[in-house]
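Below is one structure; the comments refer to it alone.
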Amino acid sequence: EVCFDVELNPNSNDPSLSSFTQYVNVLNCMHIYGESQITEEKMLHAAAVAAELLDNNEDGIIDDSQVEAVMQNSYVVMPIFNSEWSSGQDNFDGDFEGCLGAALYRNEIDPSQTGHWGHDATVEEILHTINNCGQLVVYPNTFGLAPNSSLMSSAMDIARGGQFFNIPNQYPEE
């Protein structure tokens, strides 16, 4: 089992990361940064979710070495902001040069209800980050996001009952 420590932000001089006070390195593959009001419990929860998604068999080695290499080379960050109105987002959005797949906010993390819709978005947002910054790069024919670009886009069309470029008022029964 991998253990994590919440550390002080090692990149506080970087303009895009200066609003964050806390940091957790997840398997040298994802860098979680938290603003001041994020509790240690929430930081460690995000790290544990990321580690489990990257290393499903929990042997301390990322399961897909190609995804690992891509993520390590592109400095993948999961920012955790105090709120959606955090001024840190402005700096981050304008200056960050790594890979950002999604962000988390303090009020959408609930370690007691991991992945429970409406209470904890940690699994969803970290999975978006792994997909966007790793799997999509390595496996574009499987995970491509554009219509008709991948196995996933075809599966989503089937699951929705058709291909929709605008959200319909109601999806077909099938």
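Structure above, values below:
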| item | result |
| --- | --- |
| Per the chain, cysteines lacking a partner by the 4.7 Å Cβ criterion | 3, 29 |
| Cα-projected label distance for residue 170 with residue 5, points at 7 Å along beta-carbon direction, nm | 5.9 nm |
| Highest-fluctuation residue, 102, 47, 159 considered, GNM on the chain with Cα pairs under 10 Å | 159 |
| Of 107, 148, 91, the one that fluctuates the most in a GNM where the chain has Cα springs shorter than 10 Å | 148 |
| Relative contact order, percent, the chain [alpha-carbon distance under 8 Å, six or more residues apart] | 17 percent |
| Fraction of accessible area attributable to carbon and sulfur, the chain (%, probe 1.4 Å) | 49 percent |
| Vicinal HN-Hα couplings computed from phi for the range 83-88 (Karplus, 6.51 cos²θ - 1.76 cosθ + 1.60; Hz; Gly/Pro x) | 7, 5, 9, 4, 5, x |
| Percentage of interatomic Cα-Cα distances in the chain larger than 29 Å | 25 percent |
| Added length on full extension, which subtracts the Cα-Cα distance from 0.36 nm per residue, residue 148 to residue 85 | 19.1 nm |
| Label point distance in nm, residue 75-residue 59, each placed 7 Å from Cα along Cα→Cβ | 3.2 nm |
| Cut-off 14 Å between beta-carbons: net charge of the residues surrounding residue 163, Lys and Arg +1, Asp and Glu -1 | -1 |
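The values are calculated or read from the model by the stated rules, or taken from the named source; none is laboratory data. Nothing here was measured: the structure is a model prediction, and the numbers come from that model. A quick note on method: Cβ atoms are made from the backbone with ideal geometry, for glycine too, and the neighbour counts reach across all protein chains shown. For accessibility, only protein heavy atoms count, side chains too; no ligands or nucleic acids. Shrake-Rupley method; radii C 1.70, N 1.55, O 1.52, S 1.80 Å.
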